[in-house]
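Every number in this text was worked out from the coordinates using simple rules, so none of it is lab data. Computed from a prediction, not measured in an experiment: that's the story for all the values here. Cβ: placed from backbone, ideal geometry, glycine included. Neighbour counts: every protein chain shown.
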């Protein structure tokens with residue numbers, strides 16, 4: 001993929017119409033919005049996520065990425081996995097580097113899940129559960145010989161990816177502590193993570209049957225990445241395209257003491273791909289990245305130059321894509337940086 005210095009009109013129009021830029025840096029004051037909206041006539045899907053980018057070996061990262069309902073988008077729909085109608089289906093991918101292929105579950109909301117109307121319990125089958133209310137949550141995931149049990153406390157430092165009357169998508173900076181067990185190995189863990197939420201209408205509010213691929217919303221590329229720097233800063237990086245045209249490319253910087261800001265003068269490049277494509281359960285082949293590069297500028301000055309090399313197996317179930325971990329090297333504000341990161345990646349172009 002080529003760099004994104006040449007801004008096209010789609011991303012500019014999106015930035016003008018969306019309110020995320022005005023909201024970033026302000027404290028989070030809307031905990032009442034964090035609802036599953038299962039029976040809503042206006043909201044067609046919601047998303048809850050918890051991501052830890054830098055667990056100790058052998059786990060490397062942890063992810064819960066869930067969708068309640070179905071977005072009706074090319075990148076995120078998994079029609080082959082439906083066990084109920086699109087509006088009444090829920091999916092979740094969860095795991096670490098050590099649990100590959102991890103857990104990908106598709107559930108009937110009515111038969112398999114427990115979603116409290118107030119958002120205080122979000123349970124997918126017997127495998128994944130998030131309980132509590134902002135700012136304090138307990139997160140549990142268990143299948144096979146793996147179990148994670150953490151408590152996390154969200155700050156009011158929120159990064160808005162999208163903020164408009166139709167679609168809202170946010171990430172809260174959070175701290176966590178607890179334990180992870182795999183086989184007979186148990187580890188105490190603590191650090192910084194993210195708590196994420198989104199809600200949006202979908203085409204399935206009008207007709208609750210799977211759409212042909214060509215009729216789905218043409219979001220065709222998406223990557224989202226998280227790293228925790230040694231100095232306490234957390235970086236969120238996103239690149240999304242519609243019909244191969246950039247919609248949103250940004251780097252968000254924040255910490256426990258700083259609500260942060262967003263940078264939009266950003267390039268994302270895939271420098272090389274893995275030698276063989278990944279084959280999804282429905283037979284779709286997808287080239288996954290091996291080496292990626294992010295470059296972000298502030299007032300023309302390069303403040304982030306980061307090269308990331310994927311070094312874990314990629315787990316299927318982020319919509320039609322994958323999650324995994326990488327190690328990175330680079331420079332941030334002139335200082336050498338290195339460490340571990342988390343990556344979500346979907347490529348349905350072409």
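According to the Cα gyration tensor, what semi-axes, each the square root of 5 times an eigenvalue, does the equivalent ellipsoid of segment 146-248 have, listed from largest to smallest in whole Å?
One finds semi-axes of 33, 19, 15 Å for segment 146-248.
Between segment 55-112 and segment 225-287, how many Å separate their Cα centres?
19
At 4 °C and 1.567 mPa s, what whole-number value in µm²/s does Stokes-Einstein give for the translational diffusion of segment 4-136, with Rh from the Kirkwood sum over Cα pairs? Don't jump to the answer; show the numbers that get you there.
Numbers: Rh = 17.0 Å.
The calculation lands on 76 µm²/s.
Could you work out which residue, out of 30, 157, 169, moves most in a Gaussian network model of the chain, that is, has the largest mean-square fluctuation with Cα springs under 10 Å?
Top of the fluctuation ranking is 30.
Two decimals is fine: what is log10 I(q)/I(0) at q = 0.08, 0.14 Å⁻¹ for the chain, from a Debye sum with one equal scatterer on every Cα and no solvent?
Result of the Debye calculation: -0.34, -1.20.
Per 0.36 nm of contour for each residue apart, how much would the distance between residue 153 and residue 269 grow if the chain were fully extended, relative to their Cα-Cα spacing?
38.4 nm is the gain from fully extending residue 153 to residue 269.
State the extension gain, in nm to one decimal, for the chain segment bounded by residue 126 and residue 177, taking 0.36 nm per residue of separation less the distance between their alpha-carbons.
Numbers: separation 51, 0.36 × 51 = 18.36 nm, distance 2.18 nm.
Here the segment from residue 126 to residue 177 would lengthen by 16.2 nm.
Going by average Cβ density within 10 Å per residue, which order do the peptides 326-333, 82-89, 280-287 take, highest to lowest?
Result, highest mean first: 82-89, 326-333, 280-287.
Round to a whole angstrom and tell me the spacing of the C-alpha centers of segment 168-194 and segment 30-47.
25
For segment 206-330, what Kirkwood radius comes out of the mean inverse Cα-Cα distance, in Å? Spell out each step's value before the answer.
Details: mean 1/r = 0.0613 Å⁻¹.
After inverting the pairwise mean of 1/r, the radius is 16.3 Å.
Name the most mobile residue of 81, 214, 98, meaning the one with the largest mean-square fluctuation, in a Gaussian network model of the chain with Cα contacts below 10 Å.
214
Normalised by the number of residues in the chain, what is the relative contact order in percent for Cα pairs under 8 Å and 6+ residues apart?
18
Once you have the Kirkwood Rh of segment 285-350 from its Cα pairs, apply Stokes-Einstein at 10 °C and 1.306 mPa s and quote D in µm²/s.
122
Extension gain residue 276-residue 10, at 0.36 nm per residue separation less the Cα-Cα distance, in nm?
Computed gain between residue 276 and residue 10 is 92.5 nm.
Given the Cα atoms of segment 210-276, and with Rh set as the inverse mean 1/r over their pairs in the Kirkwood sense, what is Rg to Rh to two decimals?
Using Cα coordinates only, the ratio equals 1.10.
Over all pairs of distinct alpha carbons, what does the Kirkwood formula give as the hydrodynamic radius of segment 86-162, in Å?
Across segment 86-162, the inverse of the average 1/r is 13.9 Å.
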